[in-house]
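*Asks:* Got a structure here, written out as structure tokens. Questions coming.
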Amino acid sequence: MAELRHDPDIYDTLEALLALDMRVDRALVERSGNIGARYGEWVDAFGAPRARFLRRPEFLACQVELVRALYGTIAANDTVIIALPYELTFAGHVAERALELIGATLIGVGTSNTICPMPRTLGLMRRYGASSLVTSSSRALELARLVSLQGASTAPPTLHSLVLMGQVCAPQRRDKIAALWGARPLQVFGTPAVPVVATPCPAGELHLCEEWLSADVSRPEPARLTEGRAVRGELVLQAACRSVDDTPIATGELVELWPRERRCACGDERRVVVPVGQIAEAVETATGLVSTGDVERVLFDSLDLDPEMTITARRDGFRVRCTPRRDEGASWAEFARWGVERLRVGLGVDSDLERVVLENTGAKPTTRGEVINEGGAP
Ligand SMILES: [Zn+2]
């Protein structure tokens, strides 16, 4: 990677470390056949905790890829808060190790616990002059909302970058979340079970980590977002490097995968993957699966919305709870009808749009209860 050429020592060290560990683990694999190295949990589509072991070569490969992605954004003189929820535990572990290799100062706080709730996380960010926050898009939004409730003076003035891991977020929404922090966003695509799958490039695309992963999609459909011969379907990953379990992993993530011969504007030859949401939250239509990520992209393309948004799949479409960025008053009905129409034309789904009014009295939004759908304008 271009950034690492400025510091070949760390690149060589990491590669050597990875190669060494692979040889060690290869011997272990041959002896025992089972070398589960690190336990973590993720939440399946039904909300149940599911166990996963990440083997040491996979764990190290993810660290190497994350160092490559972060290098140039986070440096040794940075102080980084890592606030990832428990269900993204692997992402948190990998982020800690990768940042340690870069040499940054780390404050790992987790989230939603009694010792370090959100207000204390904000307090730590201010007290230690945090320059980067590693978290999920929804936690970044919750923390930003807390800043607005407490007053702008509680925002840490030193923050320059926001690293988002573990959840898919439409690019327009991601940029609006980062703007709340006045920080540069950097989004890394991973799943709860495979924490680093694709890393961002200067052209704004996500490149598959092909040095250790190969990817395909199951039940391929024509792409909706990507021109050309890209395919859409459930992302299936397989380890491409030595001594990692090469059983295909069905990730439950809906993605579009660029054809191998199509090159990104950045010049990187690795395949581009466009994540669009979880299969469990997608709706089957006459023209294929439509995900919450598709809905996000269409709505942020066509309406000026606050990044606070909830999208719930129904049998025939989606229920969207959202907030216009400006108080449009009586024109809300027209505003929402336009959104419903864009979703019908762009995605072929019926939807309801409900306006949520963000109050300054608590961390959670309250609903004023105005629902617009395709059949019943007020
Ligand atoms: Zn690129």
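*Asks:* Looking at region 197-209, I want the residues that are under 10 Å from residue 271 (Cβ atoms) and aliphatic (A, V, I, L, M) and have a partner that is assigned to a strand (DSSP E or B) and within 6 Å of the ligand (Cβ to nearest atom) with Cβ atoms under 7 Å, at least 6 apart or on another chain. Which pairs are those?
*Replies:* 198/207
*Asks:* Can you pull out the residues in region 130-154 that are at pLDDT below 95 and more than 30 Å from residue 292 (Cα to Cα)?
*Replies:* Residues satisfying the conditions are 150, 151, 152, 153, 154.
*Asks:* Here are the criteria: (1) crowded, with 19+ Cβ neighbours inside 10 Å; (2) more than 16 Å from the ligand (Cβ to nearest atom); (3) more than 23 Å from residue 59 (Cα to Cα). Tell me which single one residue 251 does not satisfy.
*Replies:* Checking residue 251 against (1) crowded, with 19+ Cβ neighbours inside 10 Å; (2) more than 16 Å from the ligand (Cβ to nearest atom); (3) more than 23 Å from residue 59 (Cα to Cα), the one that fails is (3).
*Asks:* Of the numbered conditions (1) within 16 Å of residue 196 (Cα to Cα); (2) at pLDDT below 75; (3) of a type in the set (A, V, I, L, M), residue 28 fails exactly one; give the number of that condition.
*Replies:* (1)
*Asks:* While we're looking at this one, here's another question. Which of the numbered conditions does residue 369 fail, given that it passes all the others? Conditions: (1) part of a strand (DSSP E or B); (2) touching a strand residue (DSSP E or B) at 6+ places or on another chain (Cβ under 7 Å); (3) modelled with pLDDT under 90; (4) surrounded by fewer than 16 Cβ atoms within 10 Å (Cβ to Cβ).
*Replies:* The single condition residue 369 does not satisfy is (2).
*Asks:* Could you tell me whether residue 238 is in a strand (DSSP E or B) and modelled with pLDDT under 95? Step through it out loud before you land on a result.
*Replies:* Numbers: in a strand (DSSP E or B): yes; modelled with pLDDT under 95: yes.
Answer is yes for this residue.
*Asks:* Of everything in region 160-180 that's surrounded by fewer than 21 Cβ atoms within 10 Å (Cβ to Cβ) and in contact (Cβ under 8 Å) with a residue 12 or more places away in the chain, which residue is farthest from residue 73 (Cα to Cα)? I'd like the intermediate steps shown before the answer.
*Replies:* Step one: filter region 160-180 for residues surrounded by fewer than 21 Cβ atoms within 10 Å (Cβ to Cβ), giving 160-161, 171-172, 175, 179-180.
Filter once more, so that each one left must be in contact (Cβ under 8 Å) with a residue 12 or more places away in the chain: 160-161, 171-172, 180.
Working: 160: 9, 161: 7, 171: 18, 172: 20, 180: 19 Å.
In this case the residue turns out to be 172.
*Asks:* Now for a different question. Residue 321 - would you say it is outside the structural domain of residue 225 (by TED's automatic domain parsing), more than 22 Å from residue 169 (Cβ to Cβ) and either touching a residue at least 12 places away in the same chain (Cβ under 8 Å) or not in a strand (DSSP E or B) (or both)? Outline the logic, then answer.
*Replies:* Values: outside the structural domain of residue 225 (by TED's automatic domain parsing): yes; more than 22 Å from residue 169 (Cβ to Cβ): no; either touching a residue at least 12 places away in the same chain (Cβ under 8 Å) or not in a strand (DSSP E or B) (or both): yes.
When the stated conditions are applied, residue 321 does not pass them.
*Asks:* Can you say whether residue 271 is within 16 Å of the ligand (Cβ to nearest atom) and surrounded by 17 or more Cβ atoms within 10 Å (Cβ to Cβ), as far as the supplied structure shows? Let's see the steps before the verdict.
*Replies:* Values: within 16 Å of the ligand (Cβ to nearest atom): yes; surrounded by 17 or more Cβ atoms within 10 Å (Cβ to Cβ): yes.
Judged against the criteria, residue 271 is a match.
*Asks:* Further question on the same structure: Please tell me if residue 230 is among the small types (Gly, Ala, Ser), away from the ligand (no atom under 16 Å from the Cβ) and not assigned by TED's automatic domain parsing to the domain that holds residue 307. Walk me through how you get there before you give the answer.
*Replies:* Details: among the small types (Gly, Ala, Ser): yes; away from the ligand (no atom under 16 Å from the Cβ): no; not assigned by TED's automatic domain parsing to the domain that holds residue 307: yes.
For residue 230, the condition - among the small types (Gly, Ala, Ser), away from the ligand (no atom under 16 Å from the Cβ) and not assigned by TED's automatic domain parsing to the domain that holds residue 307 - is not met.
*Asks:* Oh, and also: When residues of region 274-291 are filtered for being buried (at least 23 other Cβ atoms within 10 Å of the Cβ) and either among the aromatic types (Phe, Trp, Tyr) or in a helix (DSSP H, G or I) (or both), how many remain?
*Replies:* Here the count works out to 0.
The values are calculated or read from the model by the stated rules, or taken from the named source; none is laboratory data. None of the values given here were measured: they were computed from a predicted structure. As a convention, Cβ positions derive from the backbone with ideal geometry for all residues, glycine included, and neighbour counts pool all protein chains shown.
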